[in-house]
Amino acid sequence: MNIRHNSRLAEYRSPFGAVVIGTTVELSIRVDDIDPKAVTAKTRIWVDGVGETIIDMDHKGDGCFSASIECDKPQLKWYSFIVSTQDGYTCHVGAPVGVTGGEAVTYDYADVPSFQITVYKHRATRPAWYEKGMVYQIFPDRYRRDANWRERAVKEVEKPRKGPGKKIVWDWNTPPVYDRATDNSIQNWDFYGGSLEGIREDLPRLHEMGITAIYLNPIFKALSNHRYDTGDYLTIDPMLGTEDDFKALAKDAKELGISLILDGVFNHTGDDSLYFNRYGNYPTEGAWQSEDSPWRDAYHFKEDGSYASWWGIGNMPALNEDSPLVRDLILGEDGVIRKWIRAGASGWRLDVADELSDEFIRDIKTALLKERPDGLLLGEVWEDASNKISYSKLRTYLQGDELDSAMNYPFRDMMLNFLLDKETAYQAAERIESIRENYPPEALMCALNLLGSHDKPRVASVLGDGPDESQIPESERGRFRLDENSMGRAKGRFWLATLMQMTLPGVPSIYYGDEFALEGLSDPGNRRTLPEEDDIHDRDMLTMIRNASGLRKTLPFLIDGTLQARALNDDVLCFKRRSADGQVATILINRSLSNTRVVRVPVENDMAIDLLNGNNLVRAADGCAEVKLWPLGSSVIYANK
Ligand code: ARE
């Protein structure tokens, strides 16, 4: 007996992928090599990982059995099939191990992997300012100084303060110091003095690059240079500037069509904060200072006086989401979310979203939408955000009332594993298809497709096969540079990476400095200063970004068109984007460093043209055209049906 189902093909499952509430999904299997009358088939359904129901499937003729699933609530539904024969044989049909969709596998045991159906609620007012644009991520201390930086920095550093001290790095070009051993690692207290005004002055350059939104790493008052240890959520860090500077930045940015996305760090604060006040640097009675502090309940203290903190890092005490003070501070009318939206921000990136409760994320969304119905809530989730297992619990963030989408680290993993030969094009296609299937289309469109971030080694270094950094002494790490050959390879691959980033669904995000081939290992090496104009010698990647992002302007359906990905062989990835009116772009990527590949791809029109190389393609009788891809070669074939 041969049983077939493929969750991605209309003949087996319709409609495709994630569905909006109120949809009925039709599921089918095909059973061959046996008299269908001798077979009974059932669908086994789970909801959100619990509550099994089993429904009978109807035989529609020709060995095709089907069942309908009503999807009336925002939740995850999971299904597999049970097929039994009259002579007592039973088998189970589910998803391939390790994935949640695709071509079914027949198992001889019951506990098989299920297929996923994401059921979501449609969002009425979309964050349209975000989803059609291009994001630029800035780590504020390292971006650009302004004329008054020195005065502000000196004042800040010389403030009498207990606990770790801030230090100024006077020379902008000095590489960051590595020292990762303790909570009080020096690398966290080195300040270069980049500021909001510095960013404001650079807006024309970003505008010219096509940037429409800036994602700023934290900007509120904090002790460390990364500012994930918030000291006061309602005040801009004095080294970065003032609230007026923020408003001026937001206003000028808006005039250039650039929106601001802020980093919301609500899982924890700093220990040196208005709320915890370990060192007594703030005028409040903080949670650490006194058991009677109104903020005591804002944290998780144990009987012995110890407290919970983020990943055991003592200077980041974890906040108690249920504390009324915390809720008011973050969600209230004059709280963090709403205040900074009123001051000019358009959305929030939620730090460690996977460590916040569903209820809290929902409340954050509600507060945001009250202030700005088209506001964006983007989460930091490193995996498929539709089905993450977090602390043994199945979490799903994309059903409409939580995150609009997530930082698309799965995209980055797919891209790197493929380009660096760690996975084949088949695996890359599977990863793309799996996200396409699991994410609601609107979440897919809002995914932040990043090549780099402040938490990962610089993409140039990685694409140039950067070293195993544990082998490099900390004192040398900040100075790491690729040799010329490796940089050449990095650039070849960077083009392919950027092309994928600009032609797959999602909002492209550029980590500051990647456009100038900035290098760096993991943090703080990835947080080097952006070179000043005269020190920029390499603009090749900027040219690549311009060329690839130009395609999104020429072919707007690269933003909202449908997607389908597949591999043509181990080295060549192919994906198609289609517009509603029949335009098709076929993107081909050859990741091989040495093999030229000649492939045949279906094209939709006799007049197909390769937009990258300017060639007209000849469509043969079988509907395919032949395309030659040099090592690290690519094509974007355009056809209009
Ligand atoms: C720094 C050094 C550490 C040092 C520490 C203490 O990097 O080596 O031990 O200081 O001296 C911020 C700063 C960091 C800082 C950290 C602690 O940016 O520089 O560390 O605070 O002070 C996981 C989380 C994810 C998190 C990453 C970093 O899930 O949420 O780890 N990212 C956010 C921010 C960070 C920020 C924090 C959280 C804390 O973006 O910048 O750190 O607010 C897998 C998993 C992921 C995991 C990832 C990396 O793929 O799936 O869940 O992310 O690996 O570990």
- Please list 150-160, 5-15 highest first by mean number of surrounding beta-carbon atoms within 10 Å per residue. 5-15, 150-160
- Whole-percent carbon and sulfur share, accessible surface of the chain, 1.4 Å: 49 percent
- Message: Relative contact order of the stretch 2-120, please, whole-number percent, based on alpha carbon pairs below 8 angstrom and at least 6 residues apart.
- Response: 28 percent
- Between the stretch 36-69 and the stretch 622-641, what is the C-alpha centre distance in whole Å? 41 Å
- Task: For residue 170 and residue 596, compute 0.36 nm times the residue count separating them, minus their Cα-Cα distance, and round to one decimal in nm.
- Result: 148.4 nm
- Query: In whole Hz, what ³J(HN,Hα) sequence does the stretch 531-536 give by Karplus (6.51, -1.76, 1.60; θ = phi - 60°), x for Gly and Pro?
  - Reply: x, 6, 2, 5, 9, 8
- Note on the structure: Of all GluC sites (Glu not before Pro) in the stretch 250-291, the ones in DSSP coil with at most 11 other Cβ atoms within 10 Å are 291
- Find out how many positive minus negative residues lie around residue 30, taking Lys and Arg as positive, Asp and Glu as negative, among other residues whose Cβ is under 13 Å from that of residue 30. -2
- Message: Give the aspartates and glutamates reachable from residue 162 as a straight Cα distance under 15 Å; neighbours fewer than 8 places away on the same chain don't count.
- Response: 271, 272
- Can you work out the accessible area per residue across the stretch 337-379, with the rest of the protein chains kept in place, probe 1.4 Å, in square angstrom? 27 Å²
- Note on the structure: When every protein chain stays in place and a 1.4 Å probe is rolled, 529, 106 sorted by accessible area with the largest first are 106, 529
- Item | Set of lysines with alpha-carbon distance to residue 159 below 30 Å, sequence-local pairs under 8 removed | 167, 221, 247, 339
- Query: Of 301, 81, which has the most accessible area and how do the rest follow, probe 1.4 Å?
  - Reply: 301, 81
- Task: Have a look at 96, 110, 17 and report the one farthest towards the positive end of the charge dipole of the stretch 2-120, computed about the Cα centre with Cβ charges (Lys/Arg +1, Asp/Glu -1).
- Result: 17
- Task: With only Lys, Arg, Asp and Glu charged, each at its Cβ (+1 for the first two, -1 for the last two), find how big the charge dipole of the stretch 2-120 is about the Cα centre; round to the nearest 20 debye.
- Result: 280 debye
- Other-chain or far-sequence residues with amide H under 5 Å of residue 613's (modelled H): 636
- Note on the structure: Once the dipole of the chain is set up from charges on Cβ (+1 Lys and Arg, -1 Asp and Glu), the residue from the list 51, 249, 618 lying farthest towards its positive end is 618
- Go through 520-526, 557-563 and give me the packing order, highest mean Cβ count within 10 Å leading. 520-526, 557-563
- Within the stretch 537-640: Cβ-based charge dipole about Cα centre, in debye rounded to nearest 20 (Lys, Arg +1; Asp, Glu -1): 180 debye
- Item | the chain: radius of gyration over Cα atoms, expressed as a fraction of 2.2 N^0.38 Å | 1.03
- Task: Of the listed pairs 121/251; 456/491; 132/370, which have alpha-carbon separations greater than 25 Å here?
- Result: 121/251
- Note on the structure: Calc'd 3J(HN,Hα), the stretch 591-596, phi into Karplus 6.51 cos²θ - 1.76 cosθ + 1.60 (θ = phi - 60°), Hz, glycine/Pro = x, comes to 8, 5, 7, 10, 9, 7
- Task: Take the alpha-carbon centre of the stretch 338-416, take the same for the stretch 104-124, and report the distance between them in whole Å.
- Result: 23 Å
- Item | Farthest toward positive dipole pole in the chain [+1 Lys/Arg, -1 Asp/Glu at C-beta], among 502, 551, 419 | 551
- Taking the Cα centre of the chain as origin and charging only Cβ (+1 Lys, Arg; -1 Asp, Glu), how large is the dipole, in debye to the nearest 20? 1340 debye
- What relative contact order, as a whole-number percentage, does the chain give when Cα pairs under 8 Å and 6 or more residues apart are counted? 10 percent
- Note on the structure: The relative contact order of the stretch 211-366, taking Cα pairs under 8 Å that sit 6 or more residues apart, comes to a percentage of 22 percent
- Task: Rank these residues by their accessible area, most exposed first, probe 1.4 Å: 641, 42.
- Result: 641, 42
- Message: To make sure I understand the rule: partners must be lysines, Cα under 17 Å from the Cα of residue 37, and not fewer than 8 residues away in the same chain. Which ones qualify?
- Response: 60
- Task: Show the residues, 5+ positions off or on another chain, whose built amide H is closer than 5 Å to the amide H of residue 319.
- Result: 268, 269
- Using the heavy atoms of the protein chains and a 1.4 angstrom probe, tell me the accessible area per residue for the stretch 562-640 in square angstrom. 45 Å²
- Note on the structure: Amide H proximity to residue 263 below 5 Å, modelled H, separation 5+ or other chain, gives 216, 219, 349
- Message: For the chain, give me the percentage of DSSP beta bridges that are antiparallel, rounded to the nearest 5 percent.
- Response: 75 percent
- Computed label-point distance, nm, for sites residue 62 and residue 34 using a 7 Å Cα→Cβ extension: 2.0 nm
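The values are calculated or read from the model by the stated rules, or taken from the named source; none is laboratory data. What you are looking at is a predicted structure, and each value in this text was computed from that prediction instead of being measured. Here the Cβ is made from the backbone with ideal geometry for all residues, glycine too, and neighbour counts use every protein chain on show. These area figures cover heavy atoms from the full protein model, side chains too; ligands, DNA and RNA do not enter into them. Shrake-Rupley method; radii C 1.70, N 1.55, O 1.52, S 1.80 Å.
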